[in-house]
Amino acid sequence: MPPAWGRAPAPALPPGYRRVTIRWRGRRALRYGAVVELGRRARDGDGASRADRGPRVAVIDLGTNSTRLMVADISAEEEVLELVRETRVTRLGRGVDLSAKLSDEGIEAVCAAVADYMATIHPLEPDSVVAVATSAVRDASNGEAFLAELRERFAISPRVIDGETEARLTFAGATAGRDDRDGCILVADIGGGSTELVTGCKRRVEFWTSMQAGVVRQTERHISHDPPQAAELEELADEVGGMVVDEISTSSPPQPDIGIAVAGTPTSLAAMELGIDPYDATLVHGHRLTMAAIQRTLSKLASVSIAERFRLPGLQPERAPTIVAGVVILIQVMRAFGLDEIEVSEHDILHGAALERAANPAPAG
C-alpha cells in the first residue's frame, strides 16, 4: 500500500500559529488557527505579521444541505492555514427537486447562518470575502431573488457557480499540497443536490462531471419510509449507479490510483468508524474507508429510524435524515471506478475558492 493512503499527520504550523479549539454548533472541532486578537491585526510572541502570511480570505459556501464558512491565510507556497471553519446544516435545497423553488424556511436558515458568519468574519479583517452558491440556487426559479436578498442584507456578492467550476474548485482544494499529485486522483464531492466527480493526472484535470444526484435530492426522490425499505434503496442505487456508469462510458476517464471523498457523507462515516464525539477534524482528515466498512455502516444506518440515528456517535443529528442516501451514492461511485477504499478529506471547495481568490485578488466585476 503506498504511503499516500495513510492518514495524513497534522501539518507543522508556521511561526505565529498554534492549535486552537473552536465551537461547532455545540460540538468541539479541532482546527488550526492563527493567534488573533479580535478587532485588530495582531503579532504574537514569534513575531509573525500578517504581511508574512499572505492574503487572508473568507469563503462562504451556500450549499444545498449546509452553509459553511472558512477564514484562512494563504501562504506563498499555497498552503491554506485555517483560522475558523464552521458548518451549519440549513437545508436550503429542501424541496427544490419537486418545486424548483427555495423554501422560505431554507432561506431564513441560511440568512441566520450568514449573519453569524459575518459577525465572525468582521473582526478577523480578511482581505477578501468570497461567497459561492451551488446546486440548489442553480436549479431554483427564485435563486436570483435569494442572492439579491443576501446582497441587500449582508453587503456580499455571492456568485452562482456552474458544475464545471464547482468540480474544478473542489479538485484544486482537495489536491493542493499533496505529495502524490503526479498520480491519477479521483475526487468525489457528494453534496445535497449534486455530486461532482473529477479525475486528474499529473496535476491536470482529465475528466469531470456534475450529476444531479445528492443526499437531499435522492432522499426526497426515493426514501419515503423510516427506516427505508429495501426496494427504495435498490431504486436509489440503480438510479445513481446508472448515472455514474453513463458518465464513465461517455467520457472514458483514466483509472484513478487514489480516491478522495469530501463533504458531509464521508466525514460522517469516518467519525462514526472512529467513534469520534465530539468531532475532531484532525483525525477525520486522511482517514481511509474500505468498501466493506462502508457497506456495514450502510446496513446499520438503513436498519434504524432517523430518531435512532440521532444518537449514533460521530453522526451530526442534522445529517441523520439524509446520510443513507449519501452512503449509497458513495458506494456507487466507488464501484464504478473500481475502488476498494477511499480517503476522506477536509480539504474541499472552501480551500479551492480561497486559493483561487488569493491568486486573483481583484474581486470579480
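With the structure loaded, tell me whether Gly326 is touching a strand residue (DSSP E or B) at 6+ places or on another chain (Cβ under 8 Å) and in the same structural domain as Glu235 (by TED's automatic domain parsing) or whether it fails that test.
Details: touching a strand residue (DSSP E or B) at 6+ places or on another chain (Cβ under 8 Å): yes; in the same structural domain as Glu235 (by TED's automatic domain parsing): yes.
When the stated conditions are applied, Gly326 passes them.
Of Val344, Val328, all but one fail to be at pLDDT 95 or above, of a type in the set (Val, Ile, Thr) and in contact with a Ser or Thr (Cβ under 8 Å, 6 or more places away or on another chain); the exception is Val344.
Would you be able to say whether some residue in the range 182-204 is surrounded by fewer than 24 Cβ atoms within 10 Å (Cβ to Cβ), in contact with a helix residue (DSSP H, G or I) (Cβ under 9 Å, 6 or more places away or on another chain) and part of a helix (DSSP H, G or I)? No, there is no match, as no residue in the range 182-204 is surrounded by fewer than 24 Cβ atoms within 10 Å (Cβ to Cβ), in contact with a helix residue (DSSP H, G or I) (Cβ under 9 Å, 6 or more places away or on another chain) and part of a helix (DSSP H, G or I). Restricting attention to the range 260-278, the residues that are in contact with a strand residue (DSSP E or B) (Cβ under 8 Å, 6 or more places away or on another chain) and under 22 Å from Thr64 (Cα atoms) total 10. Counting only helices (runs of 4 or more DSSP H) that sit completely within the range 222-315, those holding 2 or more residues that are touching a residue at least 24 places away in the same chain (Cβ under 8 Å), in the same structural domain as Arg203 (by TED's automatic domain parsing) and β-branched (Val, Ile, Thr) correspond to 230-251, 264-274, 281-284, 291-302.
Just for the range 250-279: of the residues that are acidic (Asp, Glu) and surrounded by fewer than 19 Cβ atoms within 10 Å (Cβ to Cβ), which one is farthest from Gly338 (Cα to Cα)?
The initial filter retains those residues of the range 250-279 that are acidic (Asp, Glu), namely 257, 273, 277.
Those still in the list that are surrounded by fewer than 19 Cβ atoms within 10 Å (Cβ to Cβ) too: 257, 277.
Numbers: Asp257: 10, Asp277: 32 Å.
Looking at residues that are acidic (Asp, Glu) and surrounded by fewer than 19 Cβ atoms within 10 Å (Cβ to Cβ), I get Asp277.
Return the residue satisfying two criteria in turn: it lies in the range 79-119 and is assigned to a helix (DSSP H, G or I) and among the charged types (D, E, K, R), and of such residues it is nearest to Ile223 (Cα to Cα). Working first, answer last.
To start, the set of residues in the range 79-119 that are assigned to a helix (DSSP H, G or I) comprises 96-99, 104-119.
When the remaining residues are screened for being among the charged types (D, E, K, R), the result is 97, 104-105, 108, 116.
Numbers: Asp97: 14, Asp104: 23, Glu105: 22, Glu108: 26, Asp116: 33 Å.
Only one residue fits best here, namely Asp97.
Applying the condition of being part of a helix (DSSP H, G or I), among the aliphatic types (A, V, I, L, M) and under 22 Å from the mean Cα position of the chain (by Cα) to the range 120-149 and asking which residue is surrounded by the fewest Cβ atoms within 10 Å (Cβ to Cβ) yields Leu147. For the range 283-340, which positions are under 21 Å from Glu247 (Cα atoms) and acidic (Asp, Glu)? The one that is under 21 Å from Glu247 (Cα atoms) and acidic (Asp, Glu): Asp340.
The values are calculated or read from the model by the stated rules, or taken from the named source; none is laboratory data. This one's a predicted model, so the numbers in the text were calculated from it and none came from an experiment. Ideal geometry is used to build each Cβ from the backbone, glycine not excepted, and the neighbour counts take in all protein chains shown.
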